[in-house]
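The values are calculated or read from the model by the stated rules, or taken from the named source; none is laboratory data. The structure displayed is predicted, hence computed values, not measured ones. Note that we place each Cβ from the backbone using ideal geometry, even for glycine, and neighbour counts take in every protein chain shown.
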Amino acid sequence: ERLNPLTAAEEAALAAVKVGLAALALGPVGPGRLTMGGAITASSGPGPTVLKPRTAAATSRLARFQRTARGRWVLGLPRYDEPWASGPGEDPVPARLQGWRKQLHNDPRHRGAAGLGAWAGIAWQDRIADAAAAQAGAIALAAERIRNLGLGLQASRSQWQRRVPDNPEHAVAVLAPLLGRLPTSESTTALDTLSGRTAWLTPALFSSAARRLLRPRGTIARHAKPGARRLRRLAAVAATTCPKPPLPPPGQRDLTDRLLDPQATRAASDALRENARSLVAEAFEAIDEHDRRRSFPSLVIDPNIPLVPDGEPDRRGTGTGDGERDPDREHLADVLGEVPEEVVDTVVAAAQPVSRCRPLEPPVWTGVATAVVKGIDPHVKRPVVVDRVLGGITGLREPVLAVPDFAPELDIPLWSFLRDNAPDWLLPGGGDVPLDRVMAMVTNNEFVDAFMIGANQQTLAELRRRNIPVTTGWTPLRRFWQRVDAEGPVTDIQPVLDLLTEPAPGRPRWPEGTPLGDRTHQRDGATSQLIILLHTELFRRYPATQVYLVENPGGADTWGDPPAVGDPTTHVQPILGGALEPELVFFGFPLSPQEGTRYWLVLEEPPPGFRFRAPTAAERQLGNGGRYAASTLDPPVRAFFGNLL
């Protein structure tokens, strides 16, 4: 009951002291005083930012101190837009600038906000540097590896140009010792793939020893036949031709004729039958009687064929076990002897020499040579060695062989710096808000943009001074408010330059000519957002109190009874919040000030679980337990505030 909206008299008093607006004294120049909004300003906005010509001219004259002759650096006024300038020689004269760049040059209010950001960058330089170093990881080790890789590639390209022929077949002769280390798509090496296709295509042919033996003034080269003195010629012949088969020993060619003779075939069949019987007999004798049934059938005979005991017929019914012979052993011998033709065919095939030569066609050999050269050539767009060396390094972007830098996203909300060091710039006149009052305000995107530009300009200088290679033109600090969503922390502004998006990195995300606070600068493209300021001890005593908005059924004009809030999907949850003092808290909602005119503010008691109040006399007479529980259920306490804007 103590917490209420502002009365008309209180609103008039706060408007008189201009809560949310600060007055700047400029001394003898200009109008004497300028009005400037803080990070949180009045719901009507900070007002127009047009300067009188005299003030703009006086500020513009100060820009002359930023210019130096012949590129010599001198300590002077900061140029806040310099890290995102189109070039190092860009003229900083405000007359040639436009949009937010011009505002940061000739408007003392925005230069003052940027100066506050630079102050934050100086005061929090250790915190910022530690956060950047934690994200940088092993960038120094990666830089050393990339530098060594670049040096090696440059040296290999120089050697390639001087020593490797242009013809791929000639180049293979020079690159032959590398084939044993050149991987293929089949998880082997090029040398393993080529070796053995012909009898002449051996690994020794591609070794460095072969190159030494074939030196032009060597002994072998002097006595070799024409064409056999060059390794490239030997490799081409070995890959595309097969050697003539050797002559068989005397008598070997008669083997086929003998095997095709019918009488010789029958003789071989009889001999095979006898040998099969003797082999089976020896196998039976080598196994104990106790293990025959268990061991021998599983090794030689079908395991489903049982041994035949004495006096019982075998499974074919052709005989009985009489203790003198085993019908199954006889059956096995018969089976082995009934297929002499297949055995003879096998022997005849074995008598013929088997050719394992698989020569390559000359065009195929040329293609192999070309593939080998491309796999080693250091002049290709992305040599194989680049992926092998840099495969374990993540976070690199093109060009990968450049000295690596990185674009950190520092999770440091800077509003708390103003809260601790300059609260009058976070909410000018916030202490004038009466106790136990609720007030609607808005965020000031102009102030936030200028503040973040100054903080980033100073941060980039501090990080480079500490040898942390931040990407040129990056915006490492993009959080001002303590924004959160379902996925975690959320940034407030876009990077000034888009350096990470293909295909044209470096294009401005802050369009040239747009003013500070423009919606294109904001992460979600939104304008100023609604802020609810509460001056109460409620959140100090009950910090878990829930705060949300619900839409008024009557819109912005008709305010009746509060709507039902049982459905959580109708709640608009805050996206940012903070406390200027223990009893002065604020919550930000994803609504514009115009949209906020038709919403109720709801403060809800934190859910402690199910509670039941004391029953009335009528409730004591209820005989049903369910009705009794539903009637005495104590709902959470909710406070509704409407028509705040």
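Which condition from (1) part of a loop (DSSP other than H, G, I, E, B); (2) in contact with a helix residue (DSSP H, G or I) (Cβ under 6 Å, 6 or more places away or on another chain) is the one that Asp166 breaks?
Among (1) part of a loop (DSSP other than H, G, I, E, B); (2) in contact with a helix residue (DSSP H, G or I) (Cβ under 6 Å, 6 or more places away or on another chain), Asp166 violates only (2).
Within the range 225-266, take every residue that is modelled with pLDDT under 75 and of a type in the set (Gly, Ala, Ser) and give me the one that is farthest from Arg212 (Cα to Cα).
Within the range 225-266, the match that is farthest from Arg212 (Cα to Cα) is Ala264.
In the set Asp424, Asp420, Asp449, Asp436, which member is assigned by TED's automatic domain parsing to the domain that holds Ala12, crowded, with 17+ Cβ neighbours inside 10 Å and acidic (Asp, Glu)?
Result: Asp449 is the single residue among Asp424, Asp420, Asp449, Asp436 that is assigned by TED's automatic domain parsing to the domain that holds Ala12, crowded, with 17+ Cβ neighbours inside 10 Å and acidic (Asp, Glu).
Name the residue that is nearest to Arg437 (Cα to Cα), counting only residues in the range 565-590 that are part of a strand (DSSP E or B) and not hydrophobic (A, V, I, L, M, F, W, C). Spell out the reasoning first.
Filtering the range 565-590 for residues part of a strand (DSSP E or B) gives 572, 576-581, 584-589.
Add one more test, that the residue is not hydrophobic (A, V, I, L, M, F, W, C), and what stays is 577-578, 581, 588.
Values: Gly577: 17, Gly578: 17, Glu581: 15, Gly588: 17 Å.
So the residue we want is Glu581.
Just to be sure, is Ile532 over 33 Å from the mean Cα position of the chain (by Cα) and under 26 Å from Met452 (Cβ atoms)?
For Ile532, the condition - over 33 Å from the mean Cα position of the chain (by Cα) and under 26 Å from Met452 (Cβ atoms) - is met.
Among the numbered criteria (1) surrounded by 11 or more Cβ atoms within 10 Å (Cβ to Cβ); (2) over 18 Å from Thr41 (Cα atoms); (3) modelled with pLDDT of 75 or more, which single criterion is violated by Phe612?
Unmet for Phe612, out of (1) surrounded by 11 or more Cβ atoms within 10 Å (Cβ to Cβ); (2) over 18 Å from Thr41 (Cα atoms); (3) modelled with pLDDT of 75 or more: (3).
Return yes when Leu622 is part of a loop (DSSP other than H, G, I, E, B), surrounded by 14 or more Cβ atoms within 10 Å (Cβ to Cβ), not β-branched (Val, Ile, Thr) and not assigned by TED's automatic domain parsing to the domain that holds Asp420 and no when it is not.
So Leu622 passes the test.
Considering only the range 193-242, give the helices (runs of 4 or more DSSP H) lying wholly within it that have at least 1 residues that are touching a residue at least 24 places away in the same chain (Cβ under 8 Å) and more than 46 Å from the chain's Cα centre (by Cα).
In the range 193-242, 208-213, 231-240 are the helices (runs of 4 or more DSSP H) which contain 1 or more residues that are touching a residue at least 24 places away in the same chain (Cβ under 8 Å) and more than 46 Å from the chain's Cα centre (by Cα).
I'd like the full set of residues that are assigned to a helix (DSSP H, G or I) and of a type outside the set (Val, Ile, Thr), limited to the range 515-543.
Arg519, His521, Leu538, Phe539, Arg540, Arg541
Please report, ordered by residue number, the helices (runs of 4 or more DSSP H) entirely within the range 406-467 with at least 2 residues that are of a type in the set (A, V, I, L, M, F, W, C), under 17 Å from Ala113 (Cα atoms) and in contact with an Asp or Glu (Cβ under 9 Å, 6 or more places away or on another chain).
Helices (runs of 4 or more DSSP H) meeting the threshold: 445-465.
Does Gly517 qualify as being on the phi > 0 side of the Ramachandran plot, crowded, with 16+ Cβ neighbours inside 10 Å, modelled with pLDDT of 85 or more and not acidic (Asp, Glu)?
Working: on the phi > 0 side of the Ramachandran plot: yes; crowded, with 16+ Cβ neighbours inside 10 Å: yes; modelled with pLDDT of 85 or more: yes; not acidic (Asp, Glu): yes.
Here the answer is yes, as Gly517 does meet what is asked.
Of the residues that make up the range 509-518, is at least one without any contact (Cβ under 8 Å) to a residue 24 or more places away in the chain and either within 23 Å of the chain's Cα centre (by Cα) or farther than 19 Å from Ile412 by Cα (or both)?
yes
As an exercise: evaluate Val490 against (1) within 26 Å of Leu603 (Cα to Cα); (2) modelled with pLDDT of 85 or more and give the number of the one condition it does not meet.
Exception for Val490: condition (2).
Please indicate, with yes or no, whether at least one residue in the range 495-514 is assigned by TED's automatic domain parsing to the domain that holds Leu426, closer than 27 Å to Ala422 by Cα and in a loop (DSSP other than H, G, I, E, B).
yes
Is at least one residue of the range 177-185 assigned to a loop (DSSP other than H, G, I, E, B) and touching a residue at least 60 places away in the same chain (Cβ under 8 Å)?
yes
From the list Leu191, Leu214, Leu178, exactly one residue is surrounded by 15 or more Cβ atoms within 10 Å (Cβ to Cβ), modelled with pLDDT under 80 and either in the same structural domain as Ala371 (by TED's automatic domain parsing) or not hydroxyl-bearing (Ser, Thr, Tyr) (or both). Which is it?
Sole residue among the options that is surrounded by 15 or more Cβ atoms within 10 Å (Cβ to Cβ), modelled with pLDDT under 80 and either in the same structural domain as Ala371 (by TED's automatic domain parsing) or not hydroxyl-bearing (Ser, Thr, Tyr) (or both): Leu214.
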